[in-house]
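Asker: Could you have a look at this structure, given as structure tokens, before my questions?
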Amino acid sequence: MSRRDGLGCAVAHPFIERTVLALWSTVSPARLSIASWDDDDLAVVYDKVTGDTHLIESSAIEILRLIEKSPASAEAIAHELADLISADDQDKLPQFISATLLQLRDLGLVTDTPV
Amino acid sequence: MKISEVPLAELARLLRCGDLLLRLTPFVARVASDVPSLAQDIALMYADFDICPPNVFADFHVQVWRDSGVRRWIKPQARFSFDGQPSFTGLPVAQAFAMLEWGLNWCVAAHSHQYLVIHAAVIEKNGKAVVLPAPPGSGKSTLCAGLVMKGWRLLSDELALYELQSGLIYGMARPISLKNQSIDIIKRLAPDAVMTAPVPDTTKGTIALLRPSVSSVMRVKEPVQATWIVLPNYVHGSPPILAPHSRARTFMLLAEQSFNYDTQGQNGFDAVTALVDRTQCYQFTYSSLDDAQRVFDNLLQGQV
Amino acid sequence: MAPPRDLIVTALLTPAVITRFSGQQWDLLIRQARRTKLLARLAHTLEGAGLLKAVPMAPRLHLTSALKLANRQDRSLRWEVACICKELADAGVRVTLLKGAAYAMAKLAAANGRSFSDIDILVPKAALLNVESELMLHGWQGGHHDAYDQRYYRRWMHEIPPLRHVRRGTTLDVHHAILPETARVKVNTSALLAAVVPLQGHTNLYVLQPVDMLLHSATHLFHEGDFEKGLRDLFDLDSLLRHLGATPGFWEQLVPRAVTLGLTRPLYYALRYTTLMLDTPVPAHVLEAAQIGKPPALVAWLMDACYVRALRPVHVSTNSPATWVARFALYVRSHWIRMPFYLLAYHLGRKALIRPKLHDDEKPVVKVDLKA
């Protein structure tokens, strides 16, 4: 979410700004194994290099699958996934994606490269 | 030859010499002990198990030796050893059989990476099997014992041996460990149940071991394909509730409750995924074994 | 009179013998191998010789289990080394790996089937504080050692107290020398560090040069007082000698380098006991040159009597009064050569009065409470 400062310029929220100005990708190709189920909003991911197994939201899987194919900015990801969510939730999407990307980065599953 | 066919004196002699070769399918354990009561407990609890001929390969050499010196006479203690290497704590001699059981569990869990070893009970009836993984304190053993006393086959109470390639689960049909109130509950439920005398003051309270049914032991070589994974959740006074459980959460619980999930690497991930894929996953909240028996029979008949 | 060759040694040196083994022999072999931490190495050797399929099913499952565990540990180690390298990227030091981690990353045969617990690195003493603080910034913590242990390590030892990573749970030993400060032999660590070799395909990752790697392993084993890993370490030496012996200049450099570093005594012992107990092929001229490290005749005879017994598998099957005496004598010796007498007396006295702490690798590797 951006807010306008007194001078009428758009000032991006620093939280979002970090994620918007970077290209996100999964850590090395074919490193992650994913298991998800239709009737479950949670999924599991195995990292072949660290040997760790993580419990994550199914929606995060969509993001992983997207950036596994080709690195993308948070904005581009939001654009791609916009079709998957209802109109009511559209405005929450950018923040959700940023939060999820940071979470995935903490788990060591994705990296961001500044543009 | 079965343990029940060996005279007690001979059993005690074999134990003292370290020549008792107990077949705990799929393993063989060579057991040595100088604790007299241990021979009696083994005779009772492992009556239907086989003894192997001498000089066969034993997977595990285990010993329960009495501590020497002052501890031999004053508050006598015994200690579990694995192939001559003692465990760190001695325990009162009265707990010798429980110590043997725990020690054997450790041997299997720590060294058998041909299986994914899951801390779970596994039972079977009419060709359908239920896996009950649960952290300590969830009532798993009581539930398992209750169902086994009412006709379910026991594969395991503690260690489910999941063969990664085939997806089949093996058990050893070994005695079930009960504690505190569970002991009386099971005695009331099945007055004919054969148990060791309760041993008080263990780290887990009073414990007793329950002998598995003869049919369970006879069929120990038959593995199962799991149909259901049920997480037991004992809540005092609760009506029986069988609720569908997130497969992803069930996955994580199985991984956490496996002794060697990490060692199995990618194959472990794939195996647990396959297990969770092909089963129905539930959480079962209950307070009465009668309720549990009904619910599980309904499950069997497809009425959930 | 030297004791007979143990089953695990025979099986590792001449694997083909296993095809004639009885159930009882397999029973003893698997147990000796497990206790000496050589089970995975045995599995690796049999697999390499195409003999694994000839092993009866029951013992074979133990061999393949051990192999599975070793492979997992290898993968774990590689990740851990990568993390440590990243964590020390700004420390301004070369990261030099020692022992098992070095063998694994350098892809030496000594790493085959090895079990890894800790990672050992060597840094210059001057950089120690900097390295320690960088590591702590990245989640490494000192263990819960009492004040005596802390002083003991920092003042007298060649390493700081082991560090443990808060999240990954791994252990890291940071060495600044290969022998304690108080040891009677003073090794020139700068000379070691000056000769390190970079690992191909990695940034800022080094190992000791081949002769130094061998000398370090020899020094470590022949200053050691605990023989739980004695036979495993001897096999490491055997493996290093067989493998590194093929690198150009290795045999020519070995004795002169030992002279430079002041390590002719451990080199003598290393060559003596690998050739004697494991039939390790060492060129005659090297053995002859290494004689300069031989102790006086009486001592040499005594050491022979001790080491051929102490280096046997530490297992119930080899227990005997002679083995016990040999190990005890070498235990005392190891402390003697690590520190001056007055410190030795104090240290041993203190140890005797305090209940010994268990080493991590003695604890069963089980996370769930089995008494449920």
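The values are calculated or read from the model by the stated rules, or taken from the named source; none is laboratory data. Keep in mind that what you see is a predicted model, and the values were worked out from it rather than measured. Reconstructed Cβ throughout: ideal geometry from the backbone, glycine too, with neighbour counts over all protein chains shown.
Asker: Could you list, in sequence order, the residues of the stretch B:82-108 that are more than 9 Å from every other protein chain (Cβ to nearest Cβ), part of a strand (DSSP E or B) and without any contact (Cβ under 8 Å) to a residue 60 or more places away in the chain?
Answerer: Hit for the stretch B:82-108 is B:86, nothing else.
Asker: For the stretch B:116-140, enumerate the residues that are farther than 15 Å from residue B:289 by Cβ, modelled with pLDDT of 95 or more and within 12 Å of chain C (Cβ to nearest Cβ).
Answerer: Across the stretch B:116-140, the qualifying residues are B:116, B:117, B:118, B:119, B:120, B:133.
Asker: For the stretch B:141-157, which residues satisfy the criterion of being farther than 16 Å from residue B:124 by Cβ and within 11 Å of another protein chain (Cβ to nearest Cβ)? Can you show your working first?
Answerer: Filtering the stretch B:141-157 for residues farther than 16 Å from residue B:124 by Cβ gives B:141-142.
Within the stretch B:141-157, B:141 is the sole residue that qualifies.
Asker: Testing residue B:227 on (1) out of contact with any Phe, Trp or Tyr (no Cβ under 9 Å at 6 or more places or on another chain); (2) surrounded by 19 or more Cβ atoms within 10 Å (Cβ to Cβ); (3) in a strand (DSSP E or B), one condition comes back false. Which one is that?
Answerer: (2)
Asker: Inspect all residues belonging to the stretch B:192-199 and state whether any of them is among the small types (Gly, Ala, Ser) and within 13 Å of the chain's Cα centre (by Cα).
Answerer: Checked the stretch B:192-199: no residue is among the small types (Gly, Ala, Ser) and within 13 Å of the chain's Cα centre (by Cα).
Asker: Kindly provide the set of residues from the stretch C:20-35 that are out of contact with any His (no Cβ under 7 Å at 6 or more places or on another chain) and either among the polar types (S, T, N, Q) or not assigned by TED's automatic domain parsing to the domain that holds residue C:63 (or both), ordered by number.
Answerer: Result: C:22, C:24, C:25.
Asker: If only one of C:54, C:49, C:43, C:58 is at the interface with chain B (Cβ under 7 Å from one of its Cβ atoms), touching a helix residue (DSSP H, G or I) at 6+ places or on another chain (Cβ under 8 Å) and either in contact (Cβ under 8 Å) with a residue 24 or more places away in the chain or crowded, with 20+ Cβ neighbours inside 10 Å (or both), which one is it? Before the answer, list the steps.
Answerer: On the way: C:54 fails: at the interface with chain B (Cβ under 7 Å from one of its Cβ atoms); C:49 fails: at the interface with chain B (Cβ under 7 Å from one of its Cβ atoms); C:43 fails: at the interface with chain B (Cβ under 7 Å from one of its Cβ atoms).
Among C:54, C:49, C:43, C:58, only C:58 is at the interface with chain B (Cβ under 7 Å from one of its Cβ atoms), touching a helix residue (DSSP H, G or I) at 6+ places or on another chain (Cβ under 8 Å) and either in contact (Cβ under 8 Å) with a residue 24 or more places away in the chain or crowded, with 20+ Cβ neighbours inside 10 Å (or both).
Asker: Out of the stretch B:235-249, which residues are facing chain A (nearest Cβ under 10 Å) and more than 13 Å from residue A:53 (Cβ to Cβ)?
Answerer: B:244, B:245, B:246, B:247
Asker: Which one of the conditions (1) surrounded by fewer than 20 Cβ atoms within 10 Å (Cβ to Cβ); (2) closer than 30 Å to residue C:81 by Cβ; (3) under 9 Å from the mean Cα position of the chain (by Cα) does residue A:62 fail to meet, given that it meets all the rest?
Answerer: Among (1) surrounded by fewer than 20 Cβ atoms within 10 Å (Cβ to Cβ); (2) closer than 30 Å to residue C:81 by Cβ; (3) under 9 Å from the mean Cα position of the chain (by Cα), the lone unmet condition for residue A:62 is (2).
Asker: Let me ask you something else. Return the total of residues in the stretch B:271-291 being acidic (Asp, Glu) and either in contact (Cβ under 8 Å) with a residue 40 or more places away in the chain or more than 30 Å from residue C:69 (Cβ to Cβ) (or both). Steps first, answer last, please.
Answerer: Here is the first cut: in the stretch B:271-291, the ones acidic (Asp, Glu) are B:277, B:290-291.
With the extra rule that they be either in contact (Cβ under 8 Å) with a residue 40 or more places away in the chain or more than 30 Å from residue C:69 (Cβ to Cβ) (or both), the set shrinks to B:290-291.
Residues meeting the conditions: 2.
Asker: Got at least one residue in the stretch C:61-72 being farther than 30 Å from residue C:201 by Cα and assigned to a loop (DSSP other than H, G, I, E, B)?
Answerer: no
Asker: Are any residues in the stretch C:17-32 within 11 Å of another protein chain (Cβ to nearest Cβ) and part of a helix (DSSP H, G or I), and if so, which ones?
Answerer: Going through the stretch C:17-32, the residues within 11 Å of another protein chain (Cβ to nearest Cβ) turn out to be C:21-32.
Those that are within 11 Å of another protein chain (Cβ to nearest Cβ) and part of a helix (DSSP H, G or I): C:23, C:24, C:25, C:26, C:27, C:28, C:29, C:30, C:31, C:32.
Asker: For the stretch B:184-224, enumerate the residues that are assigned to a strand (DSSP E or B) and small (Gly, Ala, Ser).
Answerer: In the first step, residues of the stretch B:184-224 are kept if they are assigned to a strand (DSSP E or B); the result is B:195, B:199-202, B:205-210, B:224.
B:205, B:208, listed by residue number.
Asker: Continuing with the same structure: Among what's in the stretch A:84-115 and is more than 22 Å from residue A:42 (Cβ to Cβ) and over 11 Å from the mean Cα position of the chain (by Cα), pick the residue that is surrounded by the most Cβ atoms within 10 Å (Cβ to Cβ). Spell out the reasoning first.
Answerer: Our first condition is that a residue be more than 22 Å from residue A:42 (Cβ to Cβ); within the stretch A:84-115, this holds for A:87-88, A:90-91, A:94, A:111-115.
Applying the additional criterion that residues be over 11 Å from the mean Cα position of the chain (by Cα) yields A:87-88, A:90-91, A:113-115.
Numbers: A:87: 7, A:88: 7, A:90: 11, A:91: 9, A:113: 9, A:114: 7, A:115: 8.
The extreme case among them is A:90.
Asker: Identify all residues within the stretch B:37-55 that are surrounded by fewer than 17 Cβ atoms within 10 Å (Cβ to Cβ), within 14 Å of another protein chain (Cβ to nearest Cβ) and on the phi < 0 side of the Ramachandran plot; write none if there are none.
Answerer: B:53, B:54
Asker: Within the set of pairs 6+ apart or on separate chains, which have a first residue in the stretch A:81-104 that is free of Cβ contacts under 8 Å to residues at least 12 places away in the same chain and on the phi < 0 side of the Ramachandran plot, a second that is surrounded by fewer than 17 Cβ atoms within 10 Å (Cβ to Cβ) and assigned to a helix (DSSP H, G or I), and C-beta atoms under 6 Å apart?
Answerer: That search, which allows pairs on different chains as well, returns nothing.
Asker: Against the condition of a type in the set (Phe, Trp, Tyr), closer than 18 Å to residue C:120 by Cβ and outside the structural domain of residue C:34 (by TED's automatic domain parsing), how does residue C:222 come out, does it pass?
Answerer: Here the answer is yes, as residue C:222 does meet what is asked.
Asker: Here are the criteria: (1) hydroxyl-bearing (Ser, Thr, Tyr); (2) touching a Phe, Trp or Tyr at 6+ places or on another chain (Cβ under 9 Å); (3) modelled with pLDDT of 90 or more. Tell me which single one residue C:331 does not satisfy.
Answerer: With (1) hydroxyl-bearing (Ser, Thr, Tyr); (2) touching a Phe, Trp or Tyr at 6+ places or on another chain (Cβ under 9 Å); (3) modelled with pLDDT of 90 or more applied to residue C:331, the lone miss is (3).
Asker: Evaluate the stretch B:264-278: report whether one residue or more is more than 22 Å from the chain's Cα centre (by Cα), more than 14 Å from chain A (Cβ to nearest Cβ) and either acidic (Asp, Glu) or under 25 Å from residue A:42 (Cα atoms) (or both).
Answerer: So far as the stretch B:264-278 goes, no, none of its residues is more than 22 Å from the chain's Cα centre (by Cα), more than 14 Å from chain A (Cβ to nearest Cβ) and either acidic (Asp, Glu) or under 25 Å from residue A:42 (Cα atoms) (or both).
Condition check ((1) under 26 Å from residue B:112 (Cα atoms); (2) at pLDDT below 95; (3) of a type in the set (A, V, I, L, M)) across all residues:
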{"position": "B:54", "(1), (2), (3)": "yes, yes, no"}
{"position": "B:73", "(1), (2), (3)": "no, yes, no"}
{"position": "B:85", "(1), (2), (3)": "yes, yes, no"}
{"position": "B:88", "(1), (2), (3)": "yes, yes, no"}
{"position": "B:93", "(1), (2), (3)": "no, yes, yes"}
{"position": "B:97", "(1), (2), (3)": "yes, no, no"}
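Asker: Looking only at the stretch C:263-299, which residues are of a type in the set (Val, Ile, Thr) and not in a loop (DSSP other than H, G, I, E, B)?
Answerer: Within the stretch C:263-299, C:264, C:274, C:275, C:286, C:292, C:299 qualify.
Asker: Answer yes or no as to whether residue B:211 is buried (at least 16 other Cβ atoms within 10 Å of the Cβ), among the basic types (Lys, Arg) and more than 14 Å from chain A (Cβ to nearest Cβ).
Answerer: When the stated conditions are applied, residue B:211 passes them.
Asker: Determine the pairs where a residue that is farther than 16 Å from residue C:175 by Cα, located within the stretch C:130-141, has a partner that is in a helix (DSSP H, G or I) with Cβ atoms under 9 Å apart, the partner being 6 or more residues away or on another chain.
Answerer: Filtered contacts from the stretch C:130-141: C:137/C:87; C:138/C:83; C:138/C:84; C:138/C:86; C:138/C:87; C:139/C:87.
Asker: Next up: Answer with yes or no whether residue B:198 is without any contact (Cβ under 8 Å) to a residue 40 or more places away in the chain and either touching a Ser or Thr at 6+ places or on another chain (Cβ under 6 Å) or crowded, with 18+ Cβ neighbours inside 10 Å (or both).
Answerer: On the way: without any contact (Cβ under 8 Å) to a residue 40 or more places away in the chain: yes; either touching a Ser or Thr at 6+ places or on another chain (Cβ under 6 Å) or crowded, with 18+ Cβ neighbours inside 10 Å (or both): yes.
Criteria met by residue B:198.
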